[in-house]
Amino acid sequence: MLTLQLLANGLALGAAYALCALGFVLVLNATGAVNFTQGDMVMAGGFAAIATAAMLAPLWPGAVPGLVVLPVVTAGMAVLGVIFSLFAYFPLKSRPPVATIISTIALGIVFQNAANAIWGPEPRAAPPLLDASLVRFGELAIPKQSLAVIVVAAALIAGQHLLFSRTPLGRKMRATAQDRTMAAAIGIDVNAMIALTFALATALAGAAGALLSNTFFVTPSDGTNYIVKAYIAVTIGGWGSIAGAVAGALLIALFEVIFPALPLIVPALFGSDALGWLFSQTAASILLYAVVLAILFFRPQGLFGELVQRRA
Amino acid sequence: MTGRLLSGINPALAFGLVVLVVWPMAFDTPYGLRLFALAGIYAIFVMGYQFVFGHAGALSLCHGTFFGLGAYFTGILGAKFGWGFPATFAASALAPVVLAAIVAAPVLRLESHYFALATLGIAQVMLLVAIKWEAVTGGANGIAGVPPIVLFGMTLARGWPTVLIVWGLVAALGLAARAVLGGLYGHALHVMRENPTAAMSLGLDVARLRFETFLLSALYAGLAGALYVHTIRVISPEALEFHAMVACLTMTVVGGRTRLAGAILGAVLLIHLPEWFRFLEHYYLIAYGLVLLATIIVAPNGLLGLVEDARRRLAPEAPPPAPFAMPLPAAARPTVPTGAILSLDGVGKRFGGLQALDAVSFDVRPGEILGLIGPNGSGKTTLVNCITGIYTPDGGGIRIAGTDVGGMPAHEIARLGVARTFQNLNLVDEMSALDNVAIARGAARHLALGTQTGATAMALARAEAMGLLEAVGAAEVAMRPCGGLAYGTKRRIEIARALALQPTLLLLDEPAAGLNESEQADLAQRLKALAGSGLTLVVIEHNMPFLLPLATRLVCLDHGQKIAEGSPRDVARNAKVVEAYLGPQEAAEVVA
């Protein structure tokens, strides 16, 4: 029973991580650049949801549902993504990749401190997608929010997949990600495709923020945690693999939720409280990171990835 | 007389020193002096960060953690355990170095973005530990009451005494950094940063160089952290937060990544930046972010880079005179037991679905010039990369002078006496031709931290490099940066660089490409003379008029397989070879 409830929570967290990691990989593939601000975009999405709900409040009888807020946030974040790319990526596109890492770190700092200046450092919560009630399946009670987050995130991931596999626009974006020179040679407007990729990636991160900030709250310094999680997801899934990033995000979220709860799930195994310190959020984070370092050490290509070597 | 006396003094350096003396005098308030001491502390932090980010070219994001760790060790040991300054200072220096050594194994070999994010993860973990391990760290509140610096029984007062101690350490650590980076070592880091593959092929132990710079920078960060906590007297997780790292990164980028003066300039400017942006109150970090972004776009080499560019443009300096040439010392050539200097036995290499090399076997005998031919994509360069350890072959054995080199790192293979040139020229453009070759002389003497770092080693390496440049006919461009040189000249410098290793086996990847006919004839002459002196050559070439009279034997590859081996005459007429080059249809016509 408990396990199923935890599973639902873990999947909801993982779905939001997956949106963030997905955007990270899309930009990575399209530009070869690491977008360090992707984590801060999740944070920005969370605050954007709170601000949007406050703005819509006079127009809405009762509490504004997150489902109304979400499209507004996603669209706004897409626009922000394009503006962001004009400062963080395009002036530096012919420079070594490290220049983009630094420019995105710089803008991340600006976002964090701007959020801090506007909303302050206290944790805040955005409205739930539908309401804060529980859904009951017999004895099992799961927050409606968790289920809604899983459904919405799955829909967004499926939407991204359909965009890339079924539409001419998606094919152009994929061609750009595969080989920019070649794509330009066959007449694709590569810069527009890259700007669109930034829009998509930022919209996905913003959606993740709007989805997460009800259950998990949002504070201005959250971005670093999300970018690290996205990185771990991408490392586990194989650098550059879209499906791998989603799978990796789900895995780490499930680990984060299930691991600290192990003594509750199988109390027989952990009779005493002596190991209490081990089964905490902090220990889970440290263990997760230790596992990632081990992966990097033994399988630098990721768990599912294939080793790519540079040409000498 | 006065002219000679002043000629050794760099006017910019003198100006900078005067500013550094006048500044604290001009802002002689307790607050002004405290800021100036903090600027010195960050200057030490940044000087250390320049080792890893500026010189080794790795964007580390865990140096804030090394700084914080130094601060925490001094804070905890000083406030809770009552340790004295010398002991806490040593502990704060050591702890980050130990952590750096532990995390180095998995993270140091990662490429740029992996490395940046992996180090960020380390920083996150350490921050969590500092917040949650309340019993030791004081948790989110930290520990107050960190003692001041006490030296020889005297308590160091705030204000001027602290400023003097801090800036004295800036000077001492700056001179130490200069001693490490000034000579061949700094140049070797430059080669590694620009071109790791070339560095490895010269016998530079890239992993070791990275490790050394990582540890050195952790040491500087730890010392800076210790001084920081002595200055502000409390320790809290703030020291470990990303802000400290961003401050250091911004100072490094704004000042200039590889210049010690840049470290000081960046630290002094950015510590005072919040003063100039007081209207932003607590959100001055927004200004940090914007300054960092603007600098990376407008002045990638920092403010010092801008100043140096301007000076070069306004008053172009004549290059320094070339050194006198010196011959290389006599090399001890390893004995060749089996008769083959290079022996390939069924070498295979696969990239994903492509079998780049498929069971390639042949021997190269001492003193011969073996021509390696084959159409584009036939696996020639891949084979050279396998022999030199840039790639690890999937199967088969490679023996060099009898030693099995399977799985051996590239620099060790180079040290066995294998040198190479590259198809796509791998010289460092902004470095002079002379220094490009001089590095290889340092590498030949197993350059590492503490060896080959002095001025004498540099002078000797340059003199020997000059001799090599004369030998390949490139002496007149010795002092010019490689970037602006003609293609044929660059090829000759690459050969000089390879010869600097005093190899027994030299692998040349398309040495005649881009050369005109007289240059080709000249090159062929030189290669024949080298073979005559006992050097064994493997020459990859498409240019048959160049290769046929030069090579003593040919091997032809096609689709990763050896399809012919023998005398140049026989191989050139071999039906399979003709077919591989021309395709079956045309080959049939030619034969008919």
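Within segment B:355-376, how many residues turn out to be assigned to a loop (DSSP other than H, G, I, E, B) and crowded, with 23+ Cβ neighbours inside 10 Å?
Within segment B:355-376, residues that are assigned to a loop (DSSP other than H, G, I, E, B) and crowded, with 23+ Cβ neighbours inside 10 Å number 1.
Output the residues belonging to segment A:27-63 that are crowded, with 24+ Cβ neighbours inside 10 Å and away from chain B (no Cβ under 12 Å).
A:30, A:41, A:42, A:43, A:44, A:45, A:46, A:47, A:48, A:49
Mind checking which pairs have a first residue in segment A:202-227 that is away from every other protein chain (no Cβ under 11 Å) and a second that is among the charged types (D, E, K, R) and surrounded by fewer than 24 Cβ atoms within 10 Å (Cβ to Cβ), Cβ under 7 Å, 6 or more apart or different chains?
Partner pairs satisfying both residue conditions: A:217/A:124; A:218/A:124.
Does segment B:32-86 hold any residues that are touching a Pro at 6+ places or on another chain (Cβ under 6 Å) and free of Cβ contacts under 8 Å to residues at least 40 places away in the same chain, and which are they?
none
Contact list please: Cβ distance under 7 Å, first residue in segment B:112-126 and facing another protein chain (nearest Cβ under 7 Å) and closer than 12 Å to residue A:296 by Cα, second residue at pLDDT below 85 and in a helix (DSSP H, G or I), pairs at least six apart or on different chains.
If the second residue must be at pLDDT below 85 and in a helix (DSSP H, G or I), the pairs left are B:118/A:296; B:118/B:107.
Whether any residue in segment B:407-421 is within 30 Å of residue B:582 (Cβ to Cβ) and modelled with pLDDT of 90 or more is what I want to check.
Yes, segment B:407-421 contains at least one residue that is within 30 Å of residue B:582 (Cβ to Cβ) and modelled with pLDDT of 90 or more.
What are the residue pairs meeting all of these: first residue in segment B:517-538, first residue among the hydrophobic types (A, V, I, L, M, F, W, C), second residue surrounded by fewer than 18 Cβ atoms within 10 Å (Cβ to Cβ) and part of a strand (DSSP E or B), Cβ atoms under 9 Å, and 6 or more apart or on different chains?
none
Specify which of the listed residues (B:379, B:352) is within 14 Å of another protein chain (Cβ to nearest Cβ) and surrounded by 23 or more Cβ atoms within 10 Å (Cβ to Cβ).
B:379
Would you mind finding the one in B:52, B:103, B:21 that is surrounded by fewer than 19 Cβ atoms within 10 Å (Cβ to Cβ) and either within 14 Å of chain A (Cβ to nearest Cβ) or of a type outside the set (Asp, Glu) (or both)?
The unique qualifying residue is B:21.
The values are calculated or read from the model by the stated rules, or taken from the named source; none is laboratory data. Predicted, not measured: the structure shown is a model, and the values here were computed from it. Cβ coordinates were reconstructed from backbone atoms using ideal geometry, including for glycine residues, and neighbour counts include every protein chain displayed.
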